[in-house]
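Read-outs: derived from the displayed coordinates by stated rules, not from any lab. Nothing here was measured: the structure is a model prediction, and the numbers come from that model. We place every Cβ from the backbone using ideal geometry, glycine too, and count neighbours over all the protein chains shown.
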Amino acid sequence: MQNSKKILWFTWKDRKNPLAGGAELVNEELAKRLVKDGKEVIFLVAGFKGGKREEKIDGYKIIRVGNKWTVYWLAYRYYKKYLQYWPDLVIEEINTIPFLTKYYVKQRNILLIYQLCRQIWFYEIFFPLNLFGYLIEPIYLWLLRDRKVITESESTKTDLTRFGFKPQNIKIIPIGIEFKPVDDLKKIEKYPNPTLISLGSIRAMKQTDHIIKAFELAKKEIPNLKLLIAGDMSGNYGLKIKKMIHDSQYTNSIHYLGKIDKNKKIEIMQKAHLLLVTSVKEGWCIVVTEANSQGTPAVTYNADGLRDSVKHDQTGLICIKNTIEKLSQNIVELFKDKQKYKKISTNAWLWSKEFNFDFSYKTFIAK
């Protein structure tokens, strides 16, 4: 990658997309550094309502075509018409659906895969499209198994080797975080009441309903327990979560904050006591490391990505079984064992200092 001057990056979302998450943050932090190193970078992504067709951000260019369904075909057409002779390296990010650039780009091309999505189809897409997605993933991975891949966790590397990718062709880059770790944990002021937080997009695969139910169970043991939920709550699943909050016997102790900005995110990460994550699958789960950097450890399910971003019993707790009851028990355990909570918080904070985008970038561009 060091010798490549013009880099074309296929991915279906950019950071301004309303559906953007941690992957888009990582992508564009890396792109920013590529530009500083004298390289040209173009992202070819899906359009969205209110998004400009083209724009330049921090030196890299974003070109938006189609939408989240049509981008794969329209990106191919755009490349053939305008860009087929421009790049000397093509990065294809696979997030659920591949662009299959291997079959039409003329230049060297590599894959960027943060996570595989096979079981996620059943949480996010309707039948029979979910079944089609589940069945097609092993096929396209088999077709692409000769490619070199960049990923962010051992979990995803293990996943990829199951589908025929050679371990020596898979490079893991450490994630970075945009927040500076707090200087001193003793200076942090936590909320007066024990407080749980749930951060990020509120979608079926994130299983926010498990968090609410676990909170309700834990509150029976810890009467002054509070829950803060932040993130986009659109779609049918969002309506379900809104109803759950409204109907809960503890509705006055659950606060939905909507989508929050960076400053508010830092504030509640510092003031809350525990982050809860119950995703079916993650690439790494950057929000865990972000929360750690602000002095807040996580209690999570045992899932790909989460078992990478949490060291069980050292920087957080990973549920032995992915059940609401076990999640609740772990919450109660940490609140009742103050020494253990202090040890885990400190370890999580210290570990978070190892993650920054400059180090990610050095690994990313290394041969």
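Worth pointing out:
- The gain in end-to-end length when the Glu354 to Leu257 segment is fully stretched comes to 31.9 nm, 0.36 nm per residue minus the alpha carbon separation.
- C-alpha center-to-center spacing [the range 100-173, the range 180-245] in angstrom: 31
- In nm, spacing of pseudo-spin labels at Arg108 and Glu267 (7 Å Cα→C-beta vector): 4.8
- In degrees, nearest ten, helix 262-271 long axis to first principal axis of the chain (Cα): 30
- Each residue, Leu143 and Asn236, gets one label point 7 Å from its Cα in the Cβ direction; the gap between the two is 2.9 nm.
- Helix 338-352 vs. the chain, principal-axis angle (Cα, 0 to 90°, nearest 10): 20
- Helix 235-247 axis, angle to the chain major axis (alpha carbon atoms, nearest 10°): 10
- Note on Ser328, Ser198, Ser253: ascending count of other Cβ atoms within 10 Å places them as Ser253, Ser328, Ser198, the fewest first.
- Given the alternatives (i) 52, 45, 38; (ii) 82, 50, 39; (iii) 64, 46, 40, Cα extents along the principal axes in Å as computed for this entry is given by (iii).
- Residue separation of Arg53 and Arg162 scaled by 0.36 nm, minus their Cα-Cα distance, works out to 35.4 nm of gained length.
- Couplings 3J(HN,Hα) for the range 322-337, derived from phi with the Karplus relation 6.51 cos²θ - 1.76 cosθ + 1.60 (θ = phi - 60°), are 7, 10, 4, 5, 5, 4, 4, 4, 5, 4, 4, 4, 6, 6, 8, 10 Hz, where x marks Gly and Pro.
- 13 Å beta-carbon shell around Ile344, net charge (K/R +1, D/E -1): +2
- Inter-label distance, nm, simple model (7 Å from Cα along the C-beta direction), Asp209/Thr96: 1.9
- Cross-link pairs beyond the 26 Å C-alpha cut-off, checked among Lys187/Lys264; Lys186/Lys262; Lys206/Lys243; Lys186/Lys213; Lys326/Lys353: Lys186/Lys213; Lys326/Lys353
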